[in-house]
Amino acid sequence: QVQLVESGGGLVQPGGSLRLSCAASGFTFSTYGMRWYRQAPGKERELVATIGRYGHITNYADSVKGRFTISRDNAKNTVYLQMNSLKPEDTAVFYCNAQGAYTYWGQGTQVTVSS
């Protein structure tokens with residue numbers, strides 16, 4: 001059974017940091033590119049960051065460049081999103097996504113940036 005389980009979301013003040021994790025199981029993690037998306041209330045789902053199978057190639061949305069870092073540990077079947085200097089406009093549900101022979105989605109984790 002394929003699973004992507006996100007964790008690490010929560011409430012944080014502006015300027016704060018959070019680290020999201022996405023634990024994968026049920027497929028060969030190292031053969032999949034991984035992505036983080038987010039969806040704010042009333043908005044479409046937005047691609048935030050991508051990472052290649054071996055972790056050497058990463059890409060970011062302009063809105064998060066220099067603040068967010070995506071990484072992966074293939075030994076732990078986990079992808080991470082380190083989020084620094086968070087802003088209220090980062091408030092959204094964050095989703096983990098696996099891209100390869102198939103496409104898989106996690107259930108999402110809520111990130112709220114508010115004072």
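The values are calculated or read from the model by the stated rules, or taken from the named source; none is laboratory data. All values reported here derive from a predicted model rather than from experimental measurement. Reconstructed Cβ throughout: ideal geometry from the backbone, glycine too, with neighbour counts over all protein chains shown. The accessibility values were calculated without ligands, DNA or RNA, using every heavy atom of the protein model including side chains. Shrake-Rupley method; radii C 1.70, N 1.55, O 1.52, S 1.80 Å.
One table, with the values for the structure above:
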item: Any chance Thr28 is loosely packed, with under 14 Cβ neighbours inside 10 Å, out of contact with any helix residue (DSSP H, G or I) (no Cβ under 8 Å at 6 or more places or on another chain) and of a type in the set (Val, Ile, Thr); result: yes
item: Test result for Leu4, open to solvent by 30 Å² or more (accessible area, probe 1.4 Å), of a type in the set (A, V, I, L, M), part of a strand (DSSP E or B) and under 14 Å from Cys96 (Cα atoms); result: no
item: Some residue of the stretch 33-47 being in contact (Cβ under 8 Å) with a residue 60 or more places away in the chain and farther than 16 Å from Gly108 by Cα; result: yes
item: Residue match in the stretch 59-82 (condition: touching a Leu at 6+ places or on another chain (Cβ under 7 Å) and touching a residue at least 40 places away in the same chain (Cβ under 8 Å)); result: yes
item: Those residues of the stretch 92-108 which are more than 10 Å from Arg38 (Cβ to Cβ) and buried (at least 18 other Cβ atoms within 10 Å of the Cβ), in sequence order; result: Cys96, Asn97, Ala98, Gly106
item: Qualifying residue in the stretch 44-67 (condition: modelled with pLDDT of 95 or more, open to solvent by less than 30 Å² (accessible area, probe 1.4 Å), part of a loop (DSSP other than H, G, I, E, B) and on the phi > 0 side of the Ramachandran plot); result: no
item: Checking Asn97 against (1) in contact with a strand residue (DSSP E or B) (Cβ under 9 Å, 6 or more places away or on another chain); (2) modelled with pLDDT under 95; (3) not aliphatic (A, V, I, L, M), the condition it does not meet; result: (2)
item: Output for the stretch 69-86, where each listed residue is open to solvent by 20 Å² or more (accessible area, probe 1.4 Å) and of a type in the set (A, V, I, L, M); result: Ala75
item: Yes/no for Gly15 being surrounded by fewer than 17 Cβ atoms within 10 Å (Cβ to Cβ), touching a residue at least 60 places away in the same chain (Cβ under 8 Å), out of contact with any Cys (no Cβ under 8 Å at 6 or more places or on another chain) and under 12 Å from Cys96 (Cβ atoms); result: no
item: Residue check, Arg35 assigned to a strand (DSSP E or B) and open to solvent by 20 Å² or more (accessible area, probe 1.4 Å); result: yes
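Listed here are the residues, each with its yes/no results for (1) within 30 Å of Ser115 (Cβ to Cβ); (2) touching an Asp or Glu at 6+ places or on another chain (Cβ under 7 Å).
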position	(1), (2)
Val2	no, no
Val5	yes, no
Cys22	yes, yes
Phe29	no, no
Trp36	yes, no
Ala61	yes, yes
Pro88	yes, no
Ala98	no, no
